[in-house]
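The values are calculated or read from the model by the stated rules, or taken from the named source; none is laboratory data. All values reported here derive from a predicted model rather than from experimental measurement. Every residue, glycine as well, gets a Cβ built from its backbone with ideal geometry; the counts of neighbours run over all protein chains shown.
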Amino acid sequence: MITVAQVSPLPEGVERENLGGGVNGPYNDFAPVISPDGRTLFFCRSNDPSNIGGGRQDIWVSQLQEDRTWGTAVNIGSPLNNREHNSLMSISPDGNMALVLDNYGTPDGRHRSVALSRRVASGWGEPKSIDIKNYYHLGGERGFTMSNDGKVMVMAINRHDTRGGNDLYVSFRITDTEWTEPQNIGGTINTIGQEGTPFIASDGSSLYFSSTGHGGYGGFDVYVSRRLDTSWTSWSDPINLGPSINTAGADLYYTIPASGDLAYYVSSVNTRGEGDIFRVFLPESVRPRPVALIYGKVLNKKTLEPVEADIVYEILETGENVGTARSTPVTGDYKIILPVGHNYGFLASAPGYASVSDNIDLTKATEYIEIRRDLYLVPIEVGQTLSLNNIFFDYNKSTLRKESRAELARLVKILNENPSMEIEVGGHTDDRGSDQYNLKLSGERAKSVAEYVAAQGIAVQRVTHKGYGKAKPVDTNETDEGRQRNRRVEITITKQ
(Lines give C-alpha, C1' and ligand atoms only; values in the text may rest on other atoms or scores of the structure.)
Protein backbone atom coordinates (compact mmCIF):
# COMPACT_ATOMS: atom_id res chain seq x y z
CA MET A 1 0.00 0.00 0.00
CA ILE A 2 1.37 3.41 -1.01
CA THR A 3 0.06 6.68 0.37
CA VAL A 4 1.18 10.28 0.14
CA ALA A 5 1.19 11.61 3.71
CA GLN A 6 -1.19 14.39 4.68
CA VAL A 7 0.41 17.31 6.50
CA SER A 8 -0.84 18.53 9.86
CA PRO A 9 -2.96 21.58 9.02
CA LEU A 10 -2.29 24.91 10.67
CA PRO A 11 -5.14 27.37 11.18
CA GLU A 12 -5.80 29.46 8.08
CA GLY A 13 -3.48 32.45 7.85
CA VAL A 14 -1.21 31.25 10.68
CA GLU A 15 2.50 30.90 9.87
CA ARG A 16 3.63 29.52 13.22
CA GLU A 17 1.50 27.79 15.82
CA ASN A 18 2.02 27.16 19.52
CA LEU A 19 1.38 23.44 20.14
CA GLY A 20 -1.04 24.32 22.93
CA GLY A 21 -1.68 23.27 26.48
CA GLY A 22 -1.23 19.56 25.87
CA VAL A 23 2.49 20.19 25.37
CA ASN A 24 3.30 23.70 26.60
CA GLY A 25 2.65 24.86 30.14
CA PRO A 26 3.90 27.30 32.76
CA TYR A 27 7.28 25.53 32.88
CA ASN A 28 10.16 25.47 30.41
CA ASP A 29 9.28 23.12 27.52
CA PHE A 30 12.12 22.63 25.07
CA ALA A 31 14.34 20.23 23.08
CA PRO A 32 11.58 18.62 20.98
CA VAL A 33 12.28 15.46 18.98
CA ILE A 34 9.56 14.43 16.55
CA SER A 35 9.36 10.78 15.50
CA PRO A 36 9.94 10.33 11.75
CA ASP A 37 6.31 9.30 11.23
CA GLY A 38 5.22 12.60 12.82
CA ARG A 39 2.96 10.98 15.41
CA THR A 40 5.02 11.11 18.62
CA LEU A 41 6.71 14.15 20.17
CA PHE A 42 9.39 13.83 22.84
CA PHE A 43 10.60 16.93 24.67
CA CYS A 44 12.19 18.18 27.88
CA ARG A 45 10.37 19.91 30.69
CA SER A 46 12.21 21.57 33.56
CA ASN A 47 11.00 22.80 36.95
CA ASP A 48 7.77 20.76 36.90
CA PRO A 49 7.18 19.51 40.48
CA SER A 50 6.02 16.15 39.10
CA ASN A 51 9.40 15.50 37.50
CA ILE A 52 11.40 12.65 38.97
CA GLY A 53 13.76 14.21 41.52
CA GLY A 54 11.51 17.19 42.19
CA GLY A 55 11.48 19.30 39.08
CA ARG A 56 14.94 19.30 37.51
CA GLN A 57 14.67 18.19 33.87
CA ASP A 58 12.70 15.19 32.59
CA ILE A 59 11.71 13.70 29.23
CA TRP A 60 8.01 13.99 28.41
CA VAL A 61 6.04 12.57 25.48
CA SER A 62 2.85 13.54 23.62
CA GLN A 63 0.89 11.72 20.92
CA LEU A 64 -0.76 13.24 17.84
CA GLN A 65 -4.54 13.01 18.07
CA GLU A 66 -7.06 12.23 15.32
CA ASP A 67 -7.90 15.94 14.99
CA ARG A 68 -4.17 16.64 14.41
CA THR A 69 -3.73 18.38 17.78
CA TRP A 70 -1.25 17.18 20.38
CA GLY A 71 -2.53 15.20 23.35
CA THR A 72 -1.72 15.84 27.01
CA ALA A 73 1.94 15.04 27.54
CA VAL A 74 3.01 12.44 30.11
CA ASN A 75 6.31 11.89 31.89
CA ILE A 76 8.16 9.07 30.12
CA GLY A 77 9.25 7.70 33.53
CA SER A 78 12.21 5.60 34.54
CA PRO A 79 14.70 4.35 33.51
CA LEU A 80 15.06 7.25 31.02
CA ASN A 81 14.24 9.77 33.75
CA ASN A 82 16.13 9.89 37.02
CA ARG A 83 17.25 12.59 39.48
CA GLU A 84 19.68 14.08 36.94
CA HIS A 85 19.04 16.35 33.94
CA ASN A 86 17.52 14.02 31.34
CA SER A 87 17.12 14.70 27.64
CA LEU A 88 16.22 12.63 24.57
CA MET A 89 18.38 13.60 21.58
CA SER A 90 17.16 11.33 18.75
CA ILE A 91 14.61 8.58 18.13
CA SER A 92 15.05 5.89 15.47
CA PRO A 93 12.45 5.57 12.67
CA ASP A 94 11.08 2.39 14.24
CA GLY A 95 10.68 4.14 17.61
CA ASN A 96 12.68 1.37 19.28
CA MET A 97 15.99 3.13 19.96
CA ALA A 98 16.48 6.41 21.81
CA LEU A 99 19.67 8.46 22.02
CA VAL A 100 19.76 10.21 25.41
CA LEU A 101 22.22 12.37 27.30
CA ASP A 102 24.31 10.09 29.48
CA ASN A 103 23.40 11.06 33.03
CA TYR A 104 23.12 7.52 34.29
CA GLY A 105 25.42 5.75 36.73
CA THR A 106 28.97 6.75 37.63
CA PRO A 107 31.19 8.51 35.07
CA ASP A 108 34.32 6.68 36.31
CA GLY A 109 36.57 9.59 35.41
CA ARG A 110 35.43 9.85 31.80
CA HIS A 111 33.57 12.67 30.11
CA ARG A 112 29.90 11.77 29.78
CA SER A 113 28.51 11.88 26.26
CA VAL A 114 25.37 10.00 25.27
CA ALA A 115 23.73 6.64 25.86
CA LEU A 116 21.38 4.35 23.94
CA SER A 117 18.18 2.85 25.27
CA ARG A 118 16.31 0.15 23.38
CA ARG A 119 12.64 -0.61 23.70
CA VAL A 120 11.79 -3.87 25.46
CA ALA A 121 8.46 -5.63 26.03
CA SER A 122 7.87 -3.72 29.28
CA GLY A 123 8.90 -0.26 27.98
CA TRP A 124 12.40 1.23 27.74
CA GLY A 125 15.57 -0.64 28.68
CA GLU A 126 18.37 0.75 30.83
CA PRO A 127 20.47 3.26 28.83
CA LYS A 128 23.90 1.95 27.84
CA SER A 129 26.80 4.40 27.54
CA ILE A 130 28.36 5.04 24.13
CA ASP A 131 32.16 5.19 23.96
CA ILE A 132 33.22 8.05 21.68
CA LYS A 133 36.99 7.94 21.21
CA ASN A 134 38.80 10.88 22.83
CA TYR A 135 35.50 12.53 23.69
CA TYR A 136 35.60 15.58 25.94
CA HIS A 137 33.51 18.70 26.36
CA LEU A 138 34.94 21.85 27.93
CA GLY A 139 31.65 22.94 29.45
CA GLY A 140 28.25 24.46 28.76
CA GLU A 141 25.22 23.08 26.93
CA ARG A 142 25.75 20.18 24.54
CA GLY A 143 23.57 18.66 21.87
CA PHE A 144 23.54 15.50 19.76
CA THR A 145 21.65 14.10 16.79
CA MET A 146 21.85 10.68 15.11
CA SER A 147 21.13 9.86 11.48
CA ASN A 148 18.17 7.57 10.78
CA ASP A 149 20.49 4.76 9.70
CA GLY A 150 22.22 4.87 13.10
CA LYS A 151 25.67 5.33 11.60
CA VAL A 152 26.43 9.05 12.12
CA MET A 153 26.22 11.47 15.04
CA VAL A 154 26.58 15.24 14.84
CA MET A 155 27.21 16.95 18.17
CA ALA A 156 27.44 20.51 19.46
CA ILE A 157 30.31 20.58 21.95
CA ASN A 158 33.26 22.73 23.00
CA ARG A 159 36.76 21.37 22.37
CA HIS A 160 40.28 22.74 22.01
CA ASP A 161 39.86 23.26 18.23
CA THR A 162 36.46 24.98 18.56
CA ARG A 163 36.28 28.31 16.70
CA GLY A 164 34.00 30.16 19.13
CA GLY A 165 31.49 28.78 21.63
CA ASN A 166 30.22 25.30 20.74
CA ASP A 167 31.07 23.99 17.29
CA LEU A 168 29.43 21.12 15.43
CA TYR A 169 31.41 17.86 15.21
CA VAL A 170 30.76 14.52 13.52
CA SER A 171 31.42 10.98 14.77
CA PHE A 172 30.90 7.65 12.99
CA ARG A 173 29.78 4.32 14.43
CA ILE A 174 32.42 1.60 14.67
CA THR A 175 30.33 -0.88 16.69
CA ASP A 176 27.04 -0.57 18.61
CA THR A 177 28.87 1.00 21.55
CA GLU A 178 32.04 2.46 19.98
CA TRP A 179 32.33 5.61 17.83
CA THR A 180 35.15 7.53 16.18
CA GLU A 181 36.77 10.64 17.66
CA PRO A 182 34.71 13.82 17.03
CA GLN A 183 35.81 15.70 13.91
CA ASN A 184 35.08 19.40 13.43
CA ILE A 185 32.73 19.73 10.43
CA GLY A 186 34.44 22.91 9.24
CA GLY A 187 34.23 26.66 8.83
CA THR A 188 31.32 26.73 6.40
CA ILE A 189 29.01 25.99 9.33
CA ASN A 190 31.09 26.73 12.45
CA THR A 191 31.76 30.39 13.34
CA ILE A 192 33.31 32.50 16.10
CA GLY A 193 29.79 32.59 17.52
CA GLN A 194 28.02 29.55 18.91
CA GLU A 195 26.46 26.64 17.04
CA GLY A 196 23.99 24.30 18.71
CA THR A 197 20.95 22.01 18.61
CA PRO A 198 21.90 20.08 15.42
CA PHE A 199 19.35 17.91 13.64
CA ILE A 200 20.04 15.48 10.77
CA ALA A 201 16.94 15.26 8.58
CA SER A 202 15.58 11.94 7.33
CA ASP A 203 17.23 12.40 3.93
CA GLY A 204 20.62 11.97 5.65
CA SER A 205 22.07 15.02 3.89
CA SER A 206 20.24 18.09 5.26
CA LEU A 207 21.59 19.47 8.54
CA TYR A 208 19.54 21.96 10.56
CA PHE A 209 21.18 23.84 13.42
CA SER A 210 21.05 27.05 15.46
CA SER A 211 23.76 29.69 15.39
CA THR A 212 24.60 33.14 16.70
CA GLY A 213 27.43 33.57 14.19
CA HIS A 214 25.75 33.85 10.77
CA GLY A 215 23.86 37.10 11.29
CA GLY A 216 20.11 36.68 11.44
CA TYR A 217 17.06 38.13 13.15
CA GLY A 218 17.97 37.80 16.82
CA GLY A 219 20.06 35.67 19.16
CA PHE A 220 20.04 32.09 17.90
CA ASP A 221 18.56 31.60 14.43
CA VAL A 222 17.87 28.28 12.70
CA TYR A 223 19.76 27.42 9.48
CA VAL A 224 19.97 24.56 7.00
CA SER A 225 23.04 23.32 5.13
CA ARG A 226 23.33 20.42 2.66
CA ARG A 227 26.06 17.80 2.69
CA LEU A 228 28.06 18.00 -0.56
CA ASP A 229 29.84 14.63 -0.40
CA THR A 230 30.26 11.60 1.85
CA SER A 231 32.84 13.19 4.18
CA TRP A 232 30.43 15.14 6.45
CA THR A 233 32.92 18.03 6.42
CA SER A 234 31.94 19.60 3.08
CA TRP A 235 28.76 21.69 3.26
CA SER A 236 26.74 24.20 1.30
CA ASP A 237 26.49 27.75 2.63
CA PRO A 238 23.92 27.84 5.47
CA ILE A 239 20.49 29.25 4.61
CA ASN A 240 18.54 31.17 7.26
CA LEU A 241 15.05 29.66 7.53
CA GLY A 242 13.51 33.12 7.50
CA PRO A 243 11.24 35.31 9.65
CA SER A 244 8.35 32.84 9.79
CA ILE A 245 10.60 30.70 12.02
CA ASN A 246 13.32 33.00 13.32
CA THR A 247 12.46 35.87 15.65
CA ALA A 248 14.25 38.51 17.70
CA GLY A 249 14.52 35.94 20.51
CA ALA A 250 16.32 32.60 20.70
CA ASP A 251 15.04 30.04 18.18
CA LEU A 252 16.40 26.57 18.85
CA TYR A 253 15.93 22.80 18.73
CA TYR A 254 14.68 22.40 15.18
CA THR A 255 13.20 18.95 14.39
CA ILE A 256 11.10 17.69 11.48
CA PRO A 257 9.25 14.50 10.55
CA ALA A 258 10.18 12.45 7.51
CA SER A 259 7.49 14.20 5.45
CA GLY A 260 9.63 17.37 5.62
CA ASP A 261 6.69 19.78 5.44
CA LEU A 262 6.50 20.89 9.07
CA ALA A 263 9.08 22.10 11.55
CA TYR A 264 8.91 21.79 15.32
CA TYR A 265 11.16 24.08 17.32
CA VAL A 266 11.46 26.14 20.50
CA SER A 267 10.96 29.88 20.81
CA SER A 268 10.95 32.29 23.74
CA VAL A 269 8.62 34.81 22.02
CA ASN A 270 4.85 34.86 22.80
CA THR A 271 5.00 31.79 25.00
CA ARG A 272 2.92 30.32 27.80
CA GLY A 273 6.00 29.71 29.89
CA GLU A 274 9.73 30.25 29.73
CA GLY A 275 10.05 28.41 26.42
CA ASP A 276 7.36 26.82 24.24
CA ILE A 277 7.33 24.39 21.33
CA PHE A 278 5.90 25.64 18.01
CA ARG A 279 5.27 24.20 14.58
CA VAL A 280 5.40 25.89 11.22
CA PHE A 281 5.11 25.00 7.54
CA LEU A 282 8.42 24.93 5.69
CA PRO A 283 9.01 26.68 2.37
CA GLU A 284 10.03 24.24 -0.35
CA SER A 285 13.48 25.84 -0.62
CA VAL A 286 14.49 24.80 2.91
CA ARG A 287 12.83 21.38 3.10
CA PRO A 288 14.94 18.22 3.16
CA ARG A 289 15.04 15.97 0.13
CA PRO A 290 12.09 13.55 -0.14
CA VAL A 291 12.17 10.12 1.47
CA ALA A 292 9.93 7.07 1.73
CA LEU A 293 8.71 5.69 5.04
CA ILE A 294 8.38 1.91 4.79
CA TYR A 295 6.36 0.28 7.55
CA GLY A 296 4.59 -2.96 8.39
CA LYS A 297 4.96 -6.04 10.55
CA VAL A 298 7.50 -8.84 10.74
CA LEU A 299 5.62 -12.13 10.70
CA ASN A 300 6.34 -15.85 10.92
CA LYS A 301 5.29 -16.98 7.43
CA LYS A 302 4.07 -20.32 8.75
CA THR A 303 1.96 -19.07 11.69
CA LEU A 304 1.56 -15.34 10.83
CA GLU A 305 2.55 -14.51 14.41
CA PRO A 306 4.71 -11.38 14.98
CA VAL A 307 8.45 -11.83 15.38
CA GLU A 308 11.00 -9.54 17.02
CA ALA A 309 13.73 -9.17 14.40
CA ASP A 310 16.43 -6.99 12.91
CA ILE A 311 15.57 -5.25 9.65
CA VAL A 312 18.45 -4.73 7.22
CA TYR A 313 18.25 -2.51 4.14
CA GLU A 314 20.70 -2.09 1.29
CA ILE A 315 21.16 -0.39 -2.07
CA LEU A 316 20.68 -3.13 -4.64
CA GLU A 317 22.93 -1.57 -7.28
CA THR A 318 25.96 -1.70 -5.00
CA GLY A 319 25.00 -4.16 -2.25
CA GLU A 320 25.89 -1.44 0.28
CA ASN A 321 24.26 -1.91 3.69
CA VAL A 322 22.72 1.47 4.46
CA GLY A 323 21.07 0.82 7.80
CA THR A 324 19.43 -1.49 10.31
CA ALA A 325 16.30 -1.27 12.43
CA ARG A 326 14.48 -3.46 14.94
CA SER A 327 10.88 -4.57 14.98
CA THR A 328 8.88 -3.75 18.10
CA PRO A 329 8.71 -6.49 20.72
CA VAL A 330 5.29 -8.19 21.02
CA THR A 331 3.69 -6.53 17.94
CA GLY A 332 6.42 -7.03 15.31
CA ASP A 333 5.87 -3.51 13.93
CA TYR A 334 8.77 -1.89 12.08
CA LYS A 335 9.54 1.38 10.29
CA ILE A 336 12.49 2.38 8.11
CA ILE A 337 13.31 5.56 6.17
CA LEU A 338 14.75 5.36 2.65
CA PRO A 339 15.96 8.47 0.76
CA VAL A 340 14.65 8.55 -2.81
CA GLY A 341 16.94 7.96 -5.76
CA HIS A 342 17.90 4.32 -5.27
CA ASN A 343 16.56 0.80 -5.70
CA TYR A 344 16.54 -0.83 -2.26
CA GLY A 345 16.36 -4.32 -0.87
CA PHE A 346 15.27 -4.97 2.70
CA LEU A 347 14.53 -7.95 4.90
CA ALA A 348 14.00 -9.11 8.45
CA SER A 349 16.48 -11.38 10.22
CA ALA A 350 16.08 -13.51 13.35
CA PRO A 351 17.74 -16.69 14.72
CA GLY A 352 16.09 -19.90 13.53
CA TYR A 353 14.51 -18.29 10.46
CA ALA A 354 15.33 -17.75 6.82
CA SER A 355 14.53 -14.29 5.48
CA VAL A 356 12.08 -13.47 2.71
CA SER A 357 13.53 -10.30 1.18
CA ASP A 358 11.62 -7.45 -0.42
CA ASN A 359 12.59 -4.53 -2.65
CA ILE A 360 11.36 -1.08 -3.58
CA ASP A 361 12.47 1.06 -6.51
CA LEU A 362 12.66 4.73 -5.48
CA THR A 363 14.77 5.90 -8.40
CA LYS A 364 11.88 7.91 -9.86
CA ALA A 365 10.15 9.05 -6.65
CA THR A 366 9.88 12.82 -6.28
CA GLU A 367 7.84 13.32 -3.09
CA TYR A 368 7.38 11.87 0.36
CA ILE A 369 5.46 8.59 0.37
CA GLU A 370 4.47 5.96 2.91
CA ILE A 371 4.49 2.32 1.83
CA ARG A 372 3.25 -0.68 3.79
CA ARG A 373 5.22 -3.90 3.32
CA ASP A 374 4.91 -6.79 5.76
CA LEU A 375 8.10 -8.84 6.02
CA TYR A 376 8.13 -12.59 6.49
CA LEU A 377 10.48 -15.03 8.18
CA VAL A 378 10.38 -18.71 7.28
CA PRO A 379 11.17 -21.27 10.02
CA ILE A 380 14.10 -23.45 9.04
CA GLU A 381 12.10 -26.67 8.74
CA VAL A 382 11.73 -29.38 6.11
CA GLY A 383 9.04 -28.46 3.61
CA GLN A 384 9.20 -24.71 4.15
CA THR A 385 9.53 -22.54 1.04
CA LEU A 386 10.79 -19.00 0.69
CA SER A 387 10.99 -16.70 -2.28
CA LEU A 388 14.30 -15.07 -3.20
CA ASN A 389 12.74 -11.75 -4.19
CA ASN A 390 16.04 -9.98 -4.76
CA ILE A 391 17.33 -12.38 -7.41
CA PHE A 392 17.35 -10.59 -10.79
CA PHE A 393 18.08 -11.81 -14.32
CA ASP A 394 18.66 -10.14 -17.65
CA TYR A 395 15.47 -9.93 -19.70
CA ASN A 396 14.42 -13.35 -21.10
CA LYS A 397 17.76 -14.81 -19.99
CA SER A 398 19.18 -16.80 -17.10
CA THR A 399 22.14 -14.44 -16.57
CA LEU A 400 22.27 -13.27 -12.96
CA ARG A 401 22.50 -9.50 -12.57
CA LYS A 402 24.89 -7.89 -10.09
CA GLU A 403 21.95 -6.68 -7.95
CA SER A 404 21.47 -10.36 -6.99
CA ARG A 405 24.80 -10.72 -5.19
CA ALA A 406 23.63 -9.75 -1.70
CA GLU A 407 20.67 -12.15 -1.86
CA LEU A 408 22.87 -14.97 -3.14
CA ALA A 409 25.41 -14.30 -0.39
CA ARG A 410 22.64 -14.67 2.21
CA LEU A 411 21.59 -17.99 0.70
CA VAL A 412 25.18 -19.26 0.89
CA LYS A 413 25.38 -18.03 4.51
CA ILE A 414 22.24 -19.98 5.47
CA LEU A 415 23.67 -23.15 3.94
CA ASN A 416 27.01 -22.67 5.68
CA GLU A 417 25.29 -22.10 9.03
CA ASN A 418 23.17 -25.24 8.53
CA PRO A 419 25.69 -27.76 7.12
CA SER A 420 23.21 -30.65 6.91
CA MET A 421 20.52 -28.62 5.12
CA GLU A 422 19.60 -29.54 1.57
CA ILE A 423 17.41 -27.41 -0.71
CA GLU A 424 15.68 -27.39 -4.06
CA VAL A 425 15.93 -24.22 -6.11
CA GLY A 426 12.71 -23.73 -8.07
CA GLY A 427 12.26 -21.37 -11.02
CA HIS A 428 8.84 -19.94 -11.89
CA THR A 429 7.39 -17.72 -14.65
CA ASP A 430 4.16 -15.92 -15.47
CA ASP A 431 1.78 -17.27 -18.10
CA ARG A 432 3.15 -15.33 -21.07
CA GLY A 433 4.86 -17.46 -23.67
CA SER A 434 4.55 -21.15 -24.49
CA ASP A 435 4.68 -23.89 -21.88
CA GLN A 436 7.88 -25.24 -23.40
CA TYR A 437 9.56 -21.82 -23.36
CA ASN A 438 8.54 -21.11 -19.77
CA LEU A 439 9.74 -24.51 -18.52
CA LYS A 440 13.09 -24.01 -20.26
CA LEU A 441 13.63 -20.44 -18.98
CA SER A 442 12.57 -21.23 -15.41
CA GLY A 443 14.80 -24.32 -15.36
CA GLU A 444 17.81 -22.40 -16.65
CA ARG A 445 17.31 -19.66 -14.05
CA ALA A 446 17.05 -22.19 -11.22
CA LYS A 447 20.20 -23.86 -12.54
CA SER A 448 22.07 -20.51 -12.58
CA VAL A 449 21.32 -20.00 -8.88
CA ALA A 450 22.35 -23.58 -8.00
CA GLU A 451 25.61 -23.25 -9.95
CA TYR A 452 26.40 -19.93 -8.27
CA VAL A 453 25.90 -21.49 -4.82
CA ALA A 454 28.10 -24.47 -5.74
CA ALA A 455 30.82 -22.08 -6.93
CA GLN A 456 30.91 -20.64 -3.40
CA GLY A 457 31.92 -24.00 -1.94
CA ILE A 458 28.53 -25.57 -1.20
CA ALA A 459 28.48 -29.29 -2.08
CA VAL A 460 26.63 -29.92 -5.33
CA GLN A 461 24.47 -32.71 -3.85
CA ARG A 462 22.98 -30.27 -1.30
CA VAL A 463 21.37 -28.06 -3.96
CA THR A 464 19.05 -29.48 -6.62
CA HIS A 465 17.19 -27.34 -9.14
CA LYS A 466 14.00 -27.54 -11.18
CA GLY A 467 11.95 -25.33 -13.49
CA TYR A 468 8.18 -25.19 -12.96
CA GLY A 469 7.29 -22.70 -15.68
CA LYS A 470 3.85 -21.19 -15.10
CA ALA A 471 2.47 -24.18 -13.19
CA LYS A 472 2.59 -22.67 -9.68
CA PRO A 473 1.43 -19.03 -9.72
CA VAL A 474 1.21 -17.17 -6.41
CA ASP A 475 -0.82 -14.26 -7.82
CA THR A 476 -3.02 -13.34 -10.76
CA ASN A 477 -1.51 -13.13 -14.24
CA GLU A 478 -3.99 -10.38 -15.15
CA THR A 479 -1.89 -7.48 -13.77
CA ASP A 480 1.73 -6.36 -14.10
CA GLU A 481 2.18 -6.65 -10.33
CA GLY A 482 0.77 -10.17 -10.25
CA ARG A 483 2.90 -11.34 -13.15
CA GLN A 484 5.96 -9.87 -11.46
CA ARG A 485 5.26 -11.88 -8.30
CA ASN A 486 4.84 -15.04 -10.36
CA ARG A 487 8.25 -14.55 -12.02
CA ARG A 488 10.35 -15.72 -9.10
CA VAL A 489 12.99 -18.06 -7.72
CA GLU A 490 12.20 -20.02 -4.57
CA ILE A 491 14.05 -22.43 -2.36
CA THR A 492 12.38 -25.33 -0.56
CA ILE A 493 14.08 -27.01 2.39
CA THR A 494 14.21 -30.75 1.58
CA LYS A 495 16.46 -31.83 4.46
CA GLN A 496 17.30 -30.04 7.70
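Looking at Ile185, Ile157, which one is over 17 Å from Ser234 (Cβ atoms) and of a type in the set (Val, Ile, Thr)? Before you say what the answer is, go through the steps one by one.
Numbers: Ile185 fails: over 17 Å from Ser234 (Cβ atoms).
Answer to the check: Ile157.
Of the residues Ser404, Ser420, Ser398, which is free of Cβ contacts under 8 Å to residues at least 40 places away in the same chain and small (Gly, Ala, Ser)?
Step by step, each of Ser404, Ser420, Ser398 is checked, and only Ser404 is free of Cβ contacts under 8 Å to residues at least 40 places away in the same chain and small (Gly, Ala, Ser).
For the range 301-323, what are the residues that are within 14 Å of the chain's Cα centre (by Cα) and either assigned by TED's automatic domain parsing to the domain that holds Leu400 or in contact (Cβ under 8 Å) with a residue 60 or more places away in the chain (or both)?
To start, the set of residues in the range 301-323 that are within 14 Å of the chain's Cα centre (by Cα) comprises 310-314, 321-323.
Scanning the range 301-323 gives Ile311, Glu314, Val322, Gly323.
Check Arg289, Arg326 and return the single one that is more than 26 Å from Ala263 (Cα to Cα) and not acidic (Asp, Glu).
On the way: Arg289 fails: more than 26 Å from Ala263 (Cα to Cα).
None of the others qualify; the one that does is Arg326.
For the range 193-206, name all the residues that are assigned to a loop (DSSP other than H, G, I, E, B) and under 15 Å from the mean Cα position of the chain (by Cα).
Narrowing the range 193-206 to residues assigned to a loop (DSSP other than H, G, I, E, B): 193-194, 201-205.
Listed by number, the residues that qualify are Ala201, Ser202, Asp203, Gly204, Ser205.
One line per residue, one yes/no per condition, for (1) surrounded by fewer than 20 Cβ atoms within 10 Å (Cβ to Cβ); (2) among the basic types (Lys, Arg); (3) in a loop (DSSP other than H, G, I, E, B); (4) touching a residue at least 12 places away in the same chain (Cβ under 8 Å):
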| residue | (1), (2), (3), (4) |
| --- | --- |
| Asn103 | yes, no, yes, yes |
| Phe144 | no, no, no, yes |
| Asp149 | no, no, yes, yes |
| Val154 | no, no, no, yes |
| His160 | yes, no, yes, yes |
| Arg163 | yes, yes, yes, yes |
| Thr191 | yes, no, yes, yes |
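So which residues in the range 357-400 are hydroxyl-bearing (Ser, Thr, Tyr), surrounded by fewer than 19 Cβ atoms within 10 Å (Cβ to Cβ) and assigned to a strand (DSSP E or B)?
Scanning the range 357-400 gives a single hit, Thr385.
Restricting the search to the range 284-332, which residues are of a type in the set (Lys, Arg) and over 30 Å from Ile493 (Cβ atoms)?
Quick first cut of the range 284-332, residues of a type in the set (Lys, Arg) only: 287, 289, 297, 301-302, 326.
Answer for the range 284-332, where residues must be of a type in the set (Lys, Arg) and over 30 Å from Ile493 (Cβ atoms): Arg287, Arg289.
For residues that are modelled with pLDDT of 95 or more and more than 18 Å from Gly443 (Cα to Cα), scanning just the range 458-492, find the one that is surrounded by the fewest Cβ atoms within 10 Å (Cβ to Cβ).
Going through the qualifying residues, I end up with Ala459.
In the range 274-296, how many residues are over 15 Å from the mean Cα position of the chain (by Cα), in a strand (DSSP E or B) and among the hydrophobic types (A, V, I, L, M, F, W, C)?
Looking only at that region, the number is 4.
So which of Ser244, Ser234, Ser210, Ser206 ends up being out of contact with any Ser or Thr (no Cβ under 7 Å at 6 or more places or on another chain), assigned by TED's automatic domain parsing to the domain that holds Phe42 and buried (at least 20 other Cβ atoms within 10 Å of the Cβ)? So that I can check it myself, show each step before the final result.
Working: Ser244 fails: buried (at least 20 other Cβ atoms within 10 Å of the Cβ); Ser234 fails: buried (at least 20 other Cβ atoms within 10 Å of the Cβ); Ser210 fails: out of contact with any Ser or Thr (no Cβ under 7 Å at 6 or more places or on another chain).
Matching residue, one of Ser244, Ser234, Ser210, Ser206: Ser206.
I need the full set of residues from the range 165-182 which are over 23 Å from the mean Cα position of the chain (by Cα) and part of a strand (DSSP E or B), in order please.
Asp167 - this is the single residue of the range 165-182 that is over 23 Å from the mean Cα position of the chain (by Cα) and part of a strand (DSSP E or B).
Name every residue in the range 28-63 that is surrounded by fewer than 18 Cβ atoms within 10 Å (Cβ to Cβ) and either polar (S, T, N, Q) or not in a loop (DSSP other than H, G, I, E, B) (or both), in order of residue number.
Of everything in the range 28-63, those that are surrounded by fewer than 18 Cβ atoms within 10 Å (Cβ to Cβ) and either polar (S, T, N, Q) or not in a loop (DSSP other than H, G, I, E, B) (or both) turn out to be Thr40, Asn47, Ser50, Gln63.
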